[in-house]
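Data first, discussion second: the structure below is written as structure tokens.
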Amino acid sequence: ALESLKDIVKKIARSTTVDKALVEEVVRDIQRALLKADVNVRQVKEISDAIKKRALSEDVLPTFNVREHIIRIVYEELMRGIGEGLEIPLKKAKIMLVGLQGSGKTTTAAKLAKYFKDKGMKTGVIAADTWRPAAYEQLKQLAESYGIGFYGEKENKDAVEIARNGLKALKDYDMIIIDTAGRHALEEELIDEMIEIAKATQPDYKLLVLDAAIGQLASRQAKAFHDAIGINGIIITKFDGTAKGGGALSAAREIGIPIAFIGTGEKVEDFERFDPAGFVSRLLGMGDIKALLEKVERVVSEEELDPEAFLKGTFTLKDVYKQIEAMNKMGPISKIFELLPFGFSMKVDDSMMEMTQEKMKKFRVIMDSMTEEELLNPKIIDSSRIRRIAIGSGTSPQEVKELLKYYKTMKSVMKKMKKGKFGKLPIKGLP
Ligand code: GDP
Ligand code: MG
């Protein structure tokens, strides 16, 4: 187990440096993931070129911030043109939903209505889809089961008139969501109807509902709707069932429209505000970037870890203690490894993780039984001290020795970091 632990430590140490090889490895991983997620090929090239250039040329603080540095660049480049997402303030507004048939508009109308109702707003929906026979019933049922206001006219085939009447009927409502028809393709008729409804209702938000699973087709759809009625936000649905959400991301980047919400399932509850960091990490299948960033930041800001001291070679058992404390703060070790993205991820089986975590706890107890002098100068710990520490901590001399061995391993890794190619950070101007 100690051998594997050593490997992990080495890999982590390696991952804290920015050099050309690391950046290229990371970029390759990202390219693969983006293409797999159906991000547009041209955009993949743009994104990876930008990441490479920035990662190697921009100033970085040593050690911990290198990882943070690369993640931030990846994140910023992916989010270029999309920003932090569209936030719809909690005040009186009309939202019109558009999109092709089956994209999830009606479901999303109910999801949105519930979302705003849960925030304390009086919310109603208008069923302005006169093409699909069951559309009226579908929305009515959803609205009724969630205590949401509803307006529809079962027999009327004039969607524009229904929308207009609906606004009158729901005039006391804070948030009104207009569900519209969608047909199989971007037929003239559909587009014309959208334009007419938008004219008649003057919505504050025209949100395009895009099925994540359509991949590359998303761009064409988004463009057509945007050209026709001017979209101001995108809702990506069915993000639960596909790895192809990149198509929708590409579409959003291409027309420069923010993403507002994400649908993650068929149930009305399966809906969330768009969170860029969460989206990117899910898209790339690399755990939650934001959580990692926040945790790393928290640990560093509390100065529990002093990377400089590690590099100086004045590495003592106190530093091991701090490391363990930091790991404890960041959650179980297995969780931390889950959070590490792409190039830094490593395959470790769970049983070893569990053991390691247990060991960490034991190490801490052992160190609690040491004197200040022993912690700062572990060399003085001879066999009689080992026996005393073992008794004091309720462990065995074997376990104390194991800690000392771990300490030595860590120390030699740190020394290598200091001496080796890791010493000169940041690396600038590499060809
Ligand atoms: P519309 O034709 O655009 O109104 O689409 P609907 O709202 O009727 O949805 C079409 C299908 O997609 C239905 O079976 C929904 O249950 C399903 N659906 C909608 N949103 C989601 C989602 O976020 N995840 C999943 N898995 N299914 C969804
Ligand atoms: Mg519908």
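The values are calculated or read from the model by the stated rules, or taken from the named source; none is laboratory data. Quantities reported herein were computed from a predicted structural model and do not represent experimental measurements. Cβ coordinates were reconstructed from backbone atoms using ideal geometry, including for glycine residues, and neighbour counts include every protein chain displayed.
Kindly provide the set of residues from the range 76-88 that are touching a helix residue (DSSP H, G or I) at 6+ places or on another chain (Cβ under 7 Å) and without any contact (Cβ under 8 Å) to a residue 40 or more places away in the chain, ordered by number. Correct list: GLU77 only. In the range 89-105, the residues that are at positive phi and within 16 Å of ligand 1 (Cβ to nearest atom) reach residues that are of a type in the set (Gly, Ala, Ser) and part of a loop (DSSP other than H, G, I, E, B) with C-beta atoms within less than 8 angstrom, at least six apart or across chains, in these pairs: GLY99/GLY182; GLY102/GLY182.
Contact map, the range 30-43: residues that are closer than 14 Å to SER219 by Cα paired with residues that are part of a helix (DSSP H, G or I) and polar (S, T, N, Q), Cβ distance under 7 Å, separation 6+ or inter-chain. Pairs shown: VAL39/SER250; ASN40/SER219; ASN40/SER250; GLN43/SER250.
The set of residues in the range 87-99 being under 26 Å from the mean Cα position of the chain (by Cα), of a type in the set (A, V, I, L, M) and away from ligand 2 (no atom under 13 Å from the Cβ) consists of ILE88, LEU90.
Scanning the range 207-231 for residues that are touching an Asp or Glu at 6+ places or on another chain (Cβ under 8 Å) and of a type outside the set (A, V, I, L, M) returns GLY215, GLN216, SER219, LYS223.
For the range 166-188, enumerate the residues that are free of Cβ contacts under 8 Å to residues at least 60 places away in the same chain and within 30 Å of VAL39 (Cα to Cα).
Hits for the range 166-188 are GLU187, GLU188.
When the range 122-144 is filtered for residues that are in contact (Cβ under 8 Å) with a residue 40 or more places away in the chain and within 16 Å of ligand 1 (Cβ to nearest atom), the ones remaining, listed by number, are VAL125, ILE126, ALA127, ALA128, ASP129, THR130, TRP131, ARG132, ALA135, LEU139, LEU142. Restricted to the range 238-271, and to residues that are within 26 Å of LYS199 (Cβ to Cβ) and surrounded by 20 or more Cβ atoms within 10 Å (Cβ to Cβ), which residue is farthest from ligand 1 (Cβ to nearest atom)? Here the answer is ILE257.
Of the helices (runs of 4 or more DSSP H) lying entirely inside the range 100-184, the ones with 2 or more residues being more than 10 Å from ligand 2 (Cβ to nearest atom) and surrounded by fewer than 18 Cβ atoms within 10 Å (Cβ to Cβ) are found at 135-145, 159-169. Within the range 186-219, restricting attention to residues that are hydroxyl-bearing (Ser, Thr, Tyr) and touching a strand residue (DSSP E or B) at 6+ places or on another chain (Cβ under 7 Å), the residue that is surrounded by the most Cβ atoms within 10 Å (Cβ to Cβ) is THR201. For the range 110-119, the criterion of being within 9 Å of ligand 1 (Cβ to nearest atom), within 27 Å of ILE214 (Cα to Cα) and modelled with pLDDT under 95 is met by none of the residues.
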